[in-house]
Amino acid sequence: MLGTLAKWLRLFGFDTFYANNEMKDGELLQIAKKENRILVTRDKELIFRGRKQSLQVIKISSTDLDVQLKHVLHDVPIDEEAVLSRCSLCNTILEEIKKNEVKNRVPEKIYENNDIFWFCPKCDKIYWMGSHYDKITAKINEIKR
Ligand SMILES: [Zn+2]
């Protein structure tokens with residue numbers, strides 16, 4: 001249910017595990033505990049069970065993305081250095097890729113206007129500073145307001 005929030009947290013550089021629908025609550029709590037993760041959820045029962053197991057829990061009650069992000073960032077501040085270091089789709093750490101290797105894999109305009117590119121070694125998505133970074137900083141400023 002919080003897929004968009006997860007995507008944005010990854011763009012901000014947070015190591016974000018997103019549980020799929022089939023995952024049982026017990027399994028999810030186990031992963032959170034084992035990997036020392038903060039539980040971000042709207043599920044009341046999960047919040048209760050998480051707190052009982054003394055996990056750090058961030059309760060999301062709004063359906064508005066900006067409000068959700070504000071809630072999370074209130075408890076865990078952004079590390080500016082980590083921004084745009086992870087794939088928003090799969091959470092993998094991005095690797096730098098040579099400009100000439102992304103030719104024909106990104107729109108021509110993007111290729112012309114950027115010199116630094118990254119790619120996700122897992123799902124092959126290509127990232128660049130321009131529009132991605134602008135989108136992220138705009139979002140950060142929006143939230144700070
Ligand atoms: Zn990826």
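So if we plug the beta-carbon distance of ILE93 and ASP25 into 1/(1 + (r/R0)^6) with R0 = 30 Å, what FRET efficiency do we get, rounded to 0.05?
Numbers: r = 28 Å, r/R0 = 0.94.
Step by step, r from the Cβ atoms, then E = 0.60.
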In whole Hz, the Karplus estimates of ³J(HN,Hα) for the stretch 8-17 (6.51, -1.76, 1.60; θ = phi - 60°; x where Gly or Pro) are 5, 4, 5, 4, 6, x, 6, 5, 10, 9
The ³J(HN,Hα) series, computed from each phi in the stretch 56-71 with the Karplus coefficients 6.51, -1.76 and 1.60 at θ = phi - 60°, rounded to the nearest Hz and given as x for glycine or proline, is 6, 10, 10, 8, 9, 10, 8, 9, 7, 4, 4, 5, 4, 5, 4, 4
Mind giving me the nanometre distance, one decimal, between the label points for ARG51 and ASN113, set 7 Å out from Cα along Cα→Cβ? 4.7 nm
Can you tell me, using C-alpha contacts under 8 Å and at least 6 residues apart, the relative contact order of the chain as a whole percent? 24 percent
Rounded to a whole number of µm²/s, how large is the Stokes-Einstein D of the chain at 20 °C and 1.002 mPa s, given Rh as the Kirkwood radius over C-alpha pairs? 129 µm²/s
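Of all DSSP beta bridges located in the chain, what percent are antiparallel, nearest 5?
Antiparallel bridges make up about 70 percent of those DSSP assigns within the chain.
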Using the structure shown, select from LYS52/LYS125; LYS70/LYS99; LYS99/LYS144; LYS70/LYS98; LYS34/LYS70 the pairs with a Cα to Cα distance greater than 32 angstrom. LYS52/LYS125; LYS70/LYS99; LYS99/LYS144; LYS70/LYS98
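Rg(Cα) of the stretch 95-144 divided by 2.2 N^0.38 Å? Mind dumping the intermediate values first?
Values: Rg = 12.1 Å, N = 50, 2.2 N^0.38 = 9.7 Å.
Against the empirical 2.2 N^0.38 Å value, I get 1.25 for the stretch 95-144.
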Approximate spin-label separation ARG145-LYS33, in nm, with each point projected 7 Å along Cα-to-Cβ: 4.3 nm
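Every number in this text was worked out from the coordinates using simple rules, so none of it is lab data. The model shown is predicted, which means the values in this text are computed figures rather than measured ones. Heads up, the Cβs are rebuilt from the backbone with ideal geometry, glycines too, and the neighbour counts pull from every protein chain shown.
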